[in-house]
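The values are calculated or read from the model by the stated rules, or taken from the named source; none is laboratory data. Everything numeric in this text was worked out from a predicted model, so none of it was measured. Here the Cβ is made from the backbone with ideal geometry for all residues, glycine too, and neighbour counts use every protein chain on show.
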């Protein structure tokens, strides 16, 4: 009697792996250039407003938006060699962005061995597609390639969902600093992720 044939190796695993691989093949990272200034200003204002406008006084919020995302201010940051902006694409569509600061461009610490992830945002229509996870991983890998010892960020202390997200990816709280939305003083948790033993391959 012939023995029943065994399924080919990987028969059940391959479709899952293929779907996972194809998901991330649809994501693409691109460093922002000066020619993309208008797109950067638009997505910066849009994502920040979608995330926080409802939780803040309208006058304070407008004052912050006008200051933080002023076109000339963003242009000066693009021209700063210690600051980099990256666009994240889903297929051909701009889906989000993040901002990295080094040395004196960092909003706190200002250590040579650290890098700050000052902003990381995904447009609402692309949320739920693992863009945030993928972007955070890309930021960590970029920091590691620059031989930084740790990457850090500030997150609003009342944004428990964001705090839990960063904790899931190895960030730990190490302090606090004030963050102003207009005249409204708020507090951010400072969180860091050590990079010394991170494998980026």
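Could you grab the pairs with beta carbons closer than 9 Å, sequence gap of 6+ or different chains, first residue in segment 71-86 and on the phi > 0 side of the Ramachandran plot and at pLDDT 95 or above, second one surrounded by 15 or more Cβ atoms within 10 Å (Cβ to Cβ) and assigned to a strand (DSSP E or B)? Correct list of pairs: empty, since none qualify.
Take the conditions modelled with pLDDT of 95 or more, out of contact with any helix residue (DSSP H, G or I) (no Cβ under 7 Å at 6 or more places or on another chain) and in a helix (DSSP H, G or I) and apply them to residue 38. Does it pass?
Details: modelled with pLDDT of 95 or more: yes; out of contact with any helix residue (DSSP H, G or I) (no Cβ under 7 Å at 6 or more places or on another chain): yes; in a helix (DSSP H, G or I): yes.
Considered against the rule, which asks whether it is modelled with pLDDT of 95 or more, out of contact with any helix residue (DSSP H, G or I) (no Cβ under 7 Å at 6 or more places or on another chain) and in a helix (DSSP H, G or I), residue 38 comes out as yes.
Of everything listed in (1) modelled with pLDDT of 95 or more; (2) out of contact with any helix residue (DSSP H, G or I) (no Cβ under 7 Å at 6 or more places or on another chain); (3) surrounded by 12 or more Cβ atoms within 10 Å (Cβ to Cβ), the single unmet condition for residue 147 is (3). The number of residues in segment 106-135 that are in a helix (DSSP H, G or I) and under 19 Å from residue 52 (Cβ atoms) comes to 6. If you check residue 139 against the conditions, is it in contact (Cβ under 8 Å) with a residue 60 or more places away in the chain, over 17 Å from residue 179 (Cβ atoms) and either assigned to a loop (DSSP other than H, G, I, E, B) or under 14 Å from the mean Cα position of the chain (by Cα) (or both)? When the stated conditions are applied, residue 139 does not pass them.
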